[in-house]
């Protein structure tokens, strides 16, 4: 039975915002095991030990977390003799060396494909291409020596298995989840006027807000929709969206909330009626498991969403999801017009949404990780 675990993460996990999965997994593990967290950022978790590793701006993760920080991590391996090394993306060969030093089980967890998202969002010079190529070579060597590779979705698992020659028996899929004790089911139905449609998250060019705004201005839209945007993004992109909102003449139908702390999101969602997930078919979204989707559902919000794989996996077989074709405002207008008009239908959708969330709680996800650790 495992007793001591070293968790390696480059992210700030002192809050759920931005690193939700690691935040809840670390909390769950700290309640059961003696947990040391290796990170540049203090996790602010009293039930775990913080082992600070250096952070040097402009130093690539490959050097920082696998060479510069390695002596510190190996020192604690010798002192603490860990049973399990649990690592996240960015730590490539350092967790392997730790596992070999302690004779520990090595579990690595990927929320995205190891290097593909960076390649997709950072088209760069030959040096950038070479950097990610080197990472791929190192991942291929190291991951074959891991005891278990956890991924966020089946496509990510398939990608890792095929690209890095990882034994399929080592692969485990654990989707995102939700804190159902924090995100509580709302009481109001959506037959009120206007219908409050909400998006929570990063307002980035990669997400297709343009189609939502275009649908809001369509003469074929028969429902009174008020679109609430909760989140922040690049100034240039926000300016572009606001110009589109103005030119489409829907200024009075769009409410900008800006950045809102994660702790305040649950109460805000209870004031809404339905959510939208406008993720286009980019590879990084197709293979994802969007955390916000689970948080909407936990609050009892049905979701109007693009028909990409992660949306369909979760919502295709129930009434809590309404699907539209990505980049197609006419398809979205049809779904907005199909929103129920009576309380009975709304209550059914709200209850269905909540049931999905309860099956996908973070407590269930942590239990799955613990079973992997103990297996």
Inspect all residues belonging to segment 318-334 and state whether any of them is within 16 Å of the chain's Cα centre (by Cα) and over 19 Å from residue 210 (Cβ atoms). no
For residue 25, the lone unmet condition from (1) crowded, with 16+ Cβ neighbours inside 10 Å; (2) modelled with pLDDT under 95; (3) part of a helix (DSSP H, G or I) is (2)
Here is a list of conditions, (1) surrounded by 17 or more Cβ atoms within 10 Å (Cβ to Cβ); (2) touching a helix residue (DSSP H, G or I) at 6+ places or on another chain (Cβ under 9 Å), and residue 78 meets all of them except one; can you say which number that is? (1)
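Any idea which residue in segment 245-267 is nearest to the chain's Cα centre (by Cα), counting only those that are farther than 25 Å from residue 339 by Cα and surrounded by 13 or more Cβ atoms within 10 Å (Cβ to Cβ)?
Per the criteria, the residue is 262.
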Only residues that are part of a loop (DSSP other than H, G, I, E, B) and either in contact with a strand residue (DSSP E or B) (Cβ under 8 Å, 6 or more places away or on another chain) or closer than 19 Å to residue 114 by Cβ (or both): list them for segment 1-17, please. 2, 3, 9, 10, 11, 12, 13
Examine segment 228-241 for a residue that is under 12 Å from residue 209 (Cβ atoms), at pLDDT 95 or above, over 23 Å from the mean Cα position of the chain (by Cα) and surrounded by fewer than 21 Cβ atoms within 10 Å (Cβ to Cβ), and state whether such a residue exists. yes
Do we have residue 229 as more than 20 Å from residue 356 (Cβ to Cβ) and part of a helix (DSSP H, G or I) here? no
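Condition check ((1) under 24 Å from the mean Cα position of the chain (by Cα); (2) closer than 23 Å to residue 232 by Cα; (3) not assigned by TED's automatic domain parsing to the domain that holds residue 254) across all residues:
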site: 169; (1), (2), (3): no, no, yes
site: 172; (1), (2), (3): yes, no, yes
site: 200; (1), (2), (3): yes, yes, no
site: 209; (1), (2), (3): yes, yes, no
site: 219; (1), (2), (3): no, no, no
Considering every residue within segment 185-195, establish whether at least one is touching a helix residue (DSSP H, G or I) at 6+ places or on another chain (Cβ under 8 Å) and either assigned to a helix (DSSP H, G or I) or modelled with pLDDT of 95 or more (or both). no
Output the number of residues of segment 130-165 satisfying the condition of being in contact with a strand residue (DSSP E or B) (Cβ under 8 Å, 6 or more places away or on another chain), in a loop (DSSP other than H, G, I, E, B) and surrounded by fewer than 20 Cβ atoms within 10 Å (Cβ to Cβ). 2
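The values are calculated or read from the model by the stated rules, or taken from the named source; none is laboratory data. Note that this is a predicted model, so its numbers are computed, not measured. We place every Cβ from the backbone using ideal geometry, glycine too, and count neighbours over all the protein chains shown.
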